[in-house]
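Peer 1: Attaching a single structure in structure tokens format; questions to follow.
Read-outs: derived from the displayed coordinates by stated rules, not from any lab. Because the structure is predicted, anything quoted here is derived from the model rather than measured. Note that we place each Cβ from the backbone using ideal geometry, even for glycine, and neighbour counts take in every protein chain shown.
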Amino acid sequence: MDGFISLGLSLLEWQKYVSTNVQSLSGKMPFSSAVNFFLTNHVTQAPVVDEDGLFLGIINSLSLMEQLNSQVQNPLKNYSGSLLENFVEKPEIILNIEDGSKQNLQQLIEQKIPLAFVINREGRLVGEIQLCFVAKALDQLLEDLEYFVTSVIESDHNGIVAINAQGTVIFYNNSAEQILGIPADKVIGNPVQQFFPDSLAYQTLVTAQPQRDVHQIYGDKSFKTDFLPIVTQDKVIGAVAIFKDITELKAVSDRLSHSERLTATLEAIVDNSYEGIIVIDEQERVQIINQFFLDILELKEEDVIGKSVLEVSPDSKLPETLKSGETKFGDTWQYNGKDYLIMRAPVEKNGKIIGALGRTLFKNMEVAKMFAKKVMRLEDDLAYYKKELHRFNTSQYCCKDIIGNSPRMQSAKTLLKRAALTNSTILLLGESGTGKEVFAHSIHEASLRQEGPFIKINCAAVPENLLESELFGYAEGAFTGARKGGKPGKFELADKGTIFLDEIGDMPLSMQAKLLRTIQEREVERLGGTQPIKIDVRIIAATNRDLHQMVIEHKFRLDLYYRLNVVSIELPPLRERGEDLELLTDALIERINHRLGTLIEGVSEDSFTYLHSYNWPGNIRELENILERAIIICDEPWIQPWHLSLPLRADNTGTQNMEESGRQLLDSLTNGETLKTLEEGLEEAERIMIHSALQKTQGNKMQAARLLGIHRSALYKKIAKHRIIH
Ligand SMILES: Nc1ncnc2c1ncn2[C@@H]1O[C@H](COP(=O)(O)OP(=O)(O)OP(=O)(O)O)[C@@H](O)[C@H]1O
């Protein structure tokens, strides 16, 4: 029987349809009375009971007629006097009013038996039941049941799609409609694969095998689906797909696993932290504590978690943090004779304090002190570098540093002081090492701009392709690799101060034009920039080249030359102010002593003679270098000639080759053309021998003295006497 009907049957209260208004016949009744009964009552069968009311069976009008008929054909047979109990038949089915199994009722329906009698447990007749009433009641029940089941399925939050054996959708509930977003009237009656190509319902139809928890994706949604075959009497008559939308669930589970990972990470951080961490909840109970803190407290985690923090650490201030909500940083906490630097902070959620966190900031105070020392040292370094940077961008010399009383130096200094007070551009001219930079610094220092920056650029030292950006800066994105925000050029950096353009004679012509514009307009435009920037700068330029000659040779712009040459100061070479040599030597020795920490008194008389013998092409820079070298090697208070390693030269003019002149001398001596006195000859010979000895020993005087067989001091005297430059 169909499962659905079985369900209906099990729910059917069939006893309600038992009619107790049944006329029974007594088994002791004569046959003839039974005939009369059927003739008057128009029924086809009647129950027969004994004198105790126990059901004996039924008497059928048809079989009664057959008995009578046989009596008519054989009169010898006389039934009329016989008792009815002899004609009782066993009915096809008897229903017991207390039988819960409903097997007989099912049989009644299946075999379509129109009428059955109902007895009780003792076997007494209770009544009769007619198939037509039972069938009607069952029909009504099944109708209700179907409505009920359909409603339940419709209201299920799972989507349900059923197909028949042909794969046509025959059921599609509200949830399916909502989840999949396709209306039922479009889907029902159409092949399932037309809408859901990935559906396994059709496969289930063929295999009759259920497939559960199949993960599917439809559009942007995720589903978990069960595909079940619909089987009746061993025949697959369809399949059903029951699915639920797990998109939200999946998102939640993803979030959950993310927060699980996060929790694990936090736990690892807390546990492996090189500091103590403790967290309490709003009830002051310890919720989190790391091993580091446990070690300080000398406790185990199980002794601490969930306990009141005051129980664990009686002088803890964390409860105060809970109340005040204030973060405290840098308090000290003493425990077990050790000091800890600690930090306390409230733990807040949605503006409400839900706990408090305590951290020891350092393992102990020693570490804290070490950190503090480091920070202080870094701060000192920073202050130093700031000062250095400031020093670098301000003047390093002032007028006092300019040494020299010679008339030319004095007039140069006077001009300096006068020009410094103006804003005029100044051109410093002079050989290398004559003090042009010293003058530039001193001008700045003596000017009203002394508080402003002093920015120097050596035009010869910067590669031509970088000079423009160095001088004028560049805008952001001016070229690949340009710094974000751009970079200011030296002119911008020198604003309100002085720019010193050293080696201006080496500036390329293309840049000269731009420089001229800047001097005229008093504004700069960054490379790749669009806006001119106003600048307030005093320009000092310097060169050791003959700018005038360069202008003639078209190597320097005449207009720029005029712009620069507003005030020009010419610095004399050292050889032209020999009277300053002693002053300079003393001042430089003092300066070098100060720098190197040495205690040299000065140079000896002989040394001065020796120094005067030289023509100083490198000027004061060269003098400074030679003195510094002498101070380093000097092991006595006074610098002697042998400490001074002046470059080797042919003679004072430095033009003639010694060897050559020696050879000429010998030639002349032997040829007798230019006869000299013996003394003159010997002098000349001595000079030549000393010179060649120095050449052989590459200027090493000790070796040269040894080669010549004289004492080193004697050699120096002779070198000075012959004014041999080496
Ligand atoms: N008048 C001076 N008094 C004291 N020291 C000086 C004087 N002139 C120059 N010096 C020293 O000589 C060295 C060279 O000077 P500076 O650099 O100013 O020369 P310069 O003319 O700018 O050389 P260059 O053209 O090669 O750049 C510096 O160490 C400086 O201290």
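Peer 1: Shape call for the range 188-230 from the C-alpha gyration tensor, a ≥ b ≥ c root eigenvalues: rounded (a/c under 1.5), prolate (a/b greater than b/c) or oblate?
Peer 2: Because a/c hits 1.5 or more and a/b fails to exceed b/c, the range 188-230 counts as oblate.
Peer 1: Roughly how many Å is it from the Cα centre of the range 312-346 to that of the range 675-704, as a whole number?
Peer 2: Result: 89 Å between the Cα centres.
Peer 1: How do VAL231, VAL375 line up, fewest other C-beta atoms within 10 Å first?
Peer 2: In order of increasing Cβ crowding within 10 Å: VAL375, VAL231.
Peer 1: Moving to a separate point now. Mind checking the angle between helix 509-521 and the chain's longest principal axis? C-alpha axes, 0 to 90 degrees, to the nearest 10.
Peer 2: Rounded to the nearest ten degrees, it is 90.
Peer 1: What percent antiparallel are the DSSP beta bridges of the chain, to the nearest 5?
Peer 2: Here the share of antiparallel DSSP bridges comes out near 75 percent.
Peer 1: While we're on this one: State the extension gain, in nm to one decimal, for the chain segment bounded by LYS373 and ASN164, taking 0.36 nm per residue of separation less the distance between their alpha-carbons.
Peer 2: Once the chain is fully extended between LYS373 and ASN164, it gains 66.7 nm.
Peer 1: Then there's this: Most exposed first by the Cβ proxy, i.e. fewest other Cβ within 10 Å, how do PHE227, PHE392 rank?
Peer 2: PHE392, PHE227
Peer 1: Now for a separate question. How big is the charge dipole of the range 3-138 about its Cα centre, in debye rounded to the nearest 20, if each Lys and Arg gets +1 on its Cβ and each Asp and Glu gets -1 on its Cβ?
Peer 2: For the range 3-138, the charge dipole is close to 260 debye.
Peer 1: Read phi for every residue in the range 595-605 and hand back ³J(HN,Hα) as whole Hz from Karplus 6.51 cos²θ - 1.76 cosθ + 1.60, θ = phi - 60°, with x for Gly and Pro.
Peer 2: For the range 595-605, the Karplus-derived couplings read 6, 8, x, 9, 10, 6, 6, x, 10, 6, 4 Hz, x marking Gly and Pro.
Peer 1: Within 10 Å of each residue's Cβ, count the other Cβ atoms and sort PHE454, PHE87 from fewest upward.
Peer 2: Ranked by crowding around the Cβ, least crowded first: PHE87, PHE454.
Peer 1: Would you please state the base-10 log of I(q)/I(0) at q = 0.10 1/Å for the chain, with intensities from the Debye formula using one equal scatterer on every alpha carbon?
Peer 2: -1.10
Peer 1: Once you list every other residue whose beta carbon is under 13 Å from the beta carbon of SER26, what net charge do they have if Lys and Arg are +1 and Asp and Glu are -1?
Peer 2: Surrounding charge for SER26 is -3.
Peer 1: Here's something else I'd like to know. How much length would be gained if the chain were fully extended between LEU596 and ALA251, taking 0.36 nm per residue of separation minus their Cα-Cα distance, in nm to one decimal?
Peer 2: 116.7 nm
Peer 1: With r defined as the distance between the Cβ atoms of GLU579 and LEU389 and R0 fixed at 30 Å, what FRET efficiency is calculated, to the nearest 0.05?
Peer 2: The computed FRET efficiency comes out at 0.15.
Peer 1: Which order do peptides 479-486, 505-512, 423-430 fall in by mean Cβ count within 10 Å, highest first?
Peer 2: Ranked from most to least packed, the peptides come out as 423-430, 505-512, 479-486.
Peer 1: A further question follows. Please list 3J(HN,Hα) in residue order for the range 447-461, calculated via the Karplus relation 6.51 cos²θ - 1.76 cosθ + 1.60 where θ = phi - 60°; whole Hz, with x for glycine and proline.
Peer 2: Per residue, the Karplus-derived 3J(HN,Hα) values read 8, 6, 8, 3, 7, x, x, 10, 10, 10, 9, 9, 5, 7, 8 Hz.
Peer 1: Taking the highest mean first, how do the peptides 131-141, 493-503 order by number of other beta carbon atoms within 10 angstrom per residue?
Peer 2: For the peptides 131-141, 493-503, the packing ranking is 493-503, 131-141.
Peer 1: Give the long-range amide H neighbours of TYR218: residues separated by 5 or more places, or on another chain, with amide H under 5 Å away, using H modelled in the peptide plane at 1.01 Å from N.
Peer 2: PHE223
Peer 1: At a Förster radius of 22 Å, what calculated FRET efficiency corresponds to the Cβ-Cβ distance of LYS534 and TYR562, to the nearest 0.05?
Peer 2: Computed FRET efficiency for LYS534 and TYR562 comes out at 0.40.
Peer 1: Further question: Taking 7 Å along the Cα-to-C-beta vector as the label spot, tell me the LYS90-ASP234 distance in nanometres, rounded to one decimal.
Peer 2: 3.1 nm
Peer 1: In the range 414-478, which GluC sites (Glu not before Pro) fall in coil by DSSP and have 13 or fewer other Cβ atoms within 10 Å?
Peer 2: For GluC sites (Glu not before Pro) across the range 414-478 that sit outside H, G, I, E and B with at most 13 neighbouring Cβ atoms in 10 Å, the list reads GLU451, GLU476.
Peer 1: Work through the residues other than ILE455 whose Cβ is under 12 Å from its Cβ and net out their charges, Lys, Arg +1 and Asp, Glu -1.
Peer 2: In short, +1.
Peer 1: Quick one: check the C-alpha center-to-center distance for the range 238-253 versus the range 199-220, whole angstrom.
Peer 2: Between the Cα centre of the range 238-253 and that of the range 199-220, the gap is 12 Å.
Peer 1: Whole-Hz ³J(HN,Hα) for each residue in the range 36-44, computed from phi via Karplus 6.51 cos²θ - 1.76 cosθ + 1.60 with θ = phi - 60°, x for glycine and proline: what do you get?
Peer 2: Result, rounded to whole Hz: 4, 4, 5, 5, 8, 9, 6, 10, 9.
Peer 1: Quick one: net charge of ARG712's neighbours, Cβ under 12 Å, K/R +1, D/E -1?
Peer 2: Residues near ARG712 contribute +4 overall.
Peer 1: With each run of n ≥ 4 DSSP H residues scored as -39500 (n - 2.57), what mean residue ellipticity at 222 nm is computed for the chain after dividing by its residue count and rounding to the nearest 500 deg cm²/dmol?
Peer 2: Using -39500 (n - 2.57) per qualifying helix, the result is -13500 deg cm²/dmol.
Peer 1: Given H placed on each backbone N at 1.01 Å, which residues far from ARG124 in sequence or on other chains put an amide H within less than 5 Å of it?
Peer 2: For ARG124, whose amide H was placed from the backbone, the distant partners under 5 Å are PHE55.
Peer 1: While we're on this one: Return the distance in nm (one decimal) between the two label points of a simple spin-label model at PHE195 and ASP156, each offset 7 Å from Cα along Cα→Cβ.
Peer 2: So the label points at PHE195 and ASP156 sit 1.6 nm apart.
Peer 1: So, R0 is 35 Å and r is the distance between the beta-carbons of THR609 and GLN549; what FRET efficiency does that work out to, to 0.05?
Peer 2: 0.45
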